[in-house]
Amino acid sequence: MQQLRGEINQHNQNYYQYDAPQIPDANYDELLRELQALEAANPELLSDDSPTQRVGSAALASFQQVQHQIPMLSLDNAFDDEEFAAFDKRVRDRIQAIDDVEYLVEPKLDGLAVSLLYQDAVLVQAATRGDGKTGENVTENVKTINAIPLRLKGVNLPKLIEVRGEVFMPLAGFEALNKQAVDMGGKSFVNPRNAAAGSLRQLDSKITATRPLAFYAYGVGVVEGLVLPATQKMLFELLVNWGLPISDQVSVESGTEQCHKAYESLAGKRPLLPYEIDGVVYKVNNFALQERIGFVSRAPRWAIARKFPAQEKMTEVVGIDVQVGRTGAITPVARLAAVFVGGVTVTNVTLHNEDEMRRKDVRVGDTVIVRRAGDVIPEIVSVVMQRRSEDSALFNMPLLCPVCGSAVERAEGEAIARCPAGLFCRAQVKESIKHFSSRKALDVDGLGDKIVEQLVAKEMVKTPADLYRLTKEQLSGLERMAEKSANNLLLALDKSKQTTLPKFLYALGVREVGEVTANSLATYFASLEALQYASREDLEKVPDVGPIVAQHVVAFFELQHNQEVIAELLTAGVQWPDVEAMSSVDQALSAKVFVLTGTLSLMGRDQAKEILRSLGAKVTSSVSKKTDYLVAGEESGSKLKKALSLGVTVLSEEDFLALIKDHQG
Ligand code: IVH
């Protein structure tokens, strides 16, 4: 127990005091739970200074200390449904509830807790949580955060109120900040939480002012001169009226089943949210009940955090290989000791290119932190340098293509090294066949990687058109291919011939032509012939298509070989229904990216979204450089500000209605 305490204290210090964690949160949680279990089994050995009894580390000496009149508590965690059910049972037992208990459900934001003191409506002090009893005075820094009002709005404001909430860094800002740091040769932040903590704890508030921090309130501490409303939910409404931001993902649920649904729903939305969350917080909604239920030293008994499966884990790099892709790109790939992270087992992770591999300094034998967020491909966040062995060596990219032996080329100013051999390189043939038959392309059911590998190795297939010449005899001669599966594959190949123009274009594998671009091309040109003979100028008129894509498309159709393969595919019977050419009005909105924010009083967001989508526009949730229009309803906040700073066209609800009216004709 002593050893565990020492270890945890050290990690606490790394995390809270130095903003430099050495292990992922999941491993930290594991250590803490191990200690909690030991202490529960040996209560006589429990000591006041155990890390289970407090939240973080003491404040840095360089900031002034702030004593929290009411301690800033932490939250207990539930890692599965049973643990949540046990929590709910404890709550119900305490208040002898017969009916379901009402909980306020909100996202668990991944930032850091702050306390904001408003005296006569004016922000007079801001402090970090610190160890829960003593925090750091970060007033000057907090005043630079636009999301935090310097003065509360409204009437009948309390004499004194301490608002508590989370300061965090939205993902777009985090990425921009890191990009900027890397461009300037600096160090990047490991994750948004560290970036937020590092930014808030700058001694120079001018630096904090340049950092894209945000804030959501989730509770209150000291209150004087106000009778609090009856529920957490009503308190939130009050806070909103005073001008404080609250998460837009809050709901009230009764009973475990509804609570579970809310968890699932937030887990589903998580990859789409513009900020990071690591779980869901449940709080008994009614304040009178909260009081009856009470708290223990470190956490309330009326609240719990239900954590999402860990998104970051530690593992080892057992090797580094290079892969040759469909377009000849040579990509270094780290082979990992299998690790379960973010709900899947990860054994490979791309290192993207040589520069990226050098930047992260990943080497064989390293211990690394692997991350998988939502449906995003897994990545190596950082190397745990403390664990690097002294004899570790840099990995050098090969000079020859590992598959066909051609000399690798790397164009000046390009990050990607390529094998220039095109379809003379088997790796590229194999990848282009896989791409051609993939689900979003011609969708050949049952043509797995192993079969493609054999077909290419035996030179039975050199181009996609060869697929349609395969015979039952040829196929049943392959490994893992019985007569029945050979028959099925032939049927699937036959079926794949009925396709659509966008799928066909995507299947061709023109560089930089993904699903979306293929769609735009198909809609714009309406026929393969029109596209085949399109000039660069014509192509650049298509929404979504810039000079680079246009150049790739022209280059693709200029190659005799590609024209032959296309002709063979058509002769084999590949076909699609006619595409209706788009009217010029529709083109103007198609593929435009919209973000909706604030209250749309005339239409409602869902309806607005539906109409935009029916016009071919895209609707996303966060504002970026790619956003074409921001539709700002009433009470638009941070998104409006961001749009203005990026020069995105902002439409009022009236402008917006006029715009879609034009397009709906
Ligand atoms: S309530 C009375 N609500 O999680 C309970 N905390 O693990 C105290 N956090 O220190 C906090 N989102 O930094 C609460 N919606 C939320 C939260 C939240 C994130 C953080 C907060 C807290 C920590 C506890």
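Annotations
- Taking 4.7 Å between beta carbons as the limit, the unpaired Cys residues of the chain are Cys259.
- Here the stretch 429-453 is scanned for amide nitrogen atoms under 20 Å from the site 7 Å beyond the Cα of Asn487 along Cα-to-Cβ, giving 445-448.
- Helix 426-437 and the longest principal axis of the Cα set of the chain meet at an angle near 80°.
- Projecting the Cα atoms of Val344, Leu238, Thr331 onto the dipole axis of the chain, where Lys and Arg carry +1 and Asp and Glu carry -1 at the beta carbon, places Leu238 farthest toward the positive end.
- A compact globular protein would have a Cα radius of gyration near 2.2 N^0.38 Å; the ratio found for the stretch 180-339 is 1.44.
- In this structure, the amide hydrogen of Thr134, modeled 1.01 Å from its nitrogen in the peptide plane, lies closer than 5 angstrom to those of His68, counting only residues at least 5 positions away or on a different chain.
- Note: the stretch 275-361, Cα convex hull, 170 Å³ per residue.
- Angstrom value of the Kirkwood radius, inverse mean 1/r, which spans all Cα pairs in the stretch 486-623: 16.9 Å
- Between helix 560-571 and the chain there is an angle of about 90 degrees, using the helix long axis and the longest principal axis of the Cα atoms.
- Under 14 Å of direct C-alpha separation, and excluding same-chain neighbours fewer than eight residues apart, Lys503 reaches these aspartates and glutamates: Asp443, Glu515, Asp578.
- Each peptide among 196-209, 102-115, 468-481 gets the average number of other Cβ atoms lying within 10 Å of its residues, and from highest to lowest they stand as 102-115, 196-209, 468-481.
- Using a simple spin-label model with pseudo-atoms 7 Å out from Cα toward Cβ, Glu635 and Gln323 lie 4.6 nm apart.
- Take the convex hull of the alpha carbons in the stretch 466-529; its mean projected area over all directions comes to 5.6 nm².
- Average 1/r across all pairs of distinct alpha carbons in the stretch 392-452, invert it, and you get the Kirkwood radius: 13.6 Å.
- Space enclosed by the convex hull of the alpha-carbon atoms of the stretch 399-537, per residue, Å³: 131 Å³
- Dimensions (Å) - the stretch 363-472, Cα atoms, principal axes, largest first: 57, 37, 27
- The stretch 362-425 and the stretch 515-556: distance between their alpha carbon centers, rounded to Å: 32 Å
- For Ser382, distant residues with modelled amide H under 5 Å away: Ile369
- Cα-only Debye scattering, the stretch 291-427: base-10 log of I(q)/I(0) at q = 0.15 Å⁻¹: -0.80
- The chain: angle of helix 232-241 to the longest principal axis, Cα-based, in degrees nearest 10: 80 degrees
- Here the simple spin-label model places points 7 Å from the Cα toward Cβ, and for Lys159 and Arg92 these points are separated by 4.3 nm.
- Two-decimal Rg/Rh across the stretch 333-411, once Rg and the Kirkwood Rh are taken from alpha-carbon atoms: 1.01
- Inverse of mean 1/r across different Cα pairs in the chain, Kirkwood, Å: 28.8 Å
- Extended-chain gain in nm, criterion 0.36 nm per residue less alpha-carbon gap, Ala181 and Glu654: 166.3 nm
Each reported figure results from applying straightforward, stated rules to the coordinates on display, with no laboratory input. Since this is a predicted model, take the numbers as computed values, not measurements. Every residue, glycine as well, gets a Cβ built from its backbone with ideal geometry; the counts of neighbours run over all protein chains shown.
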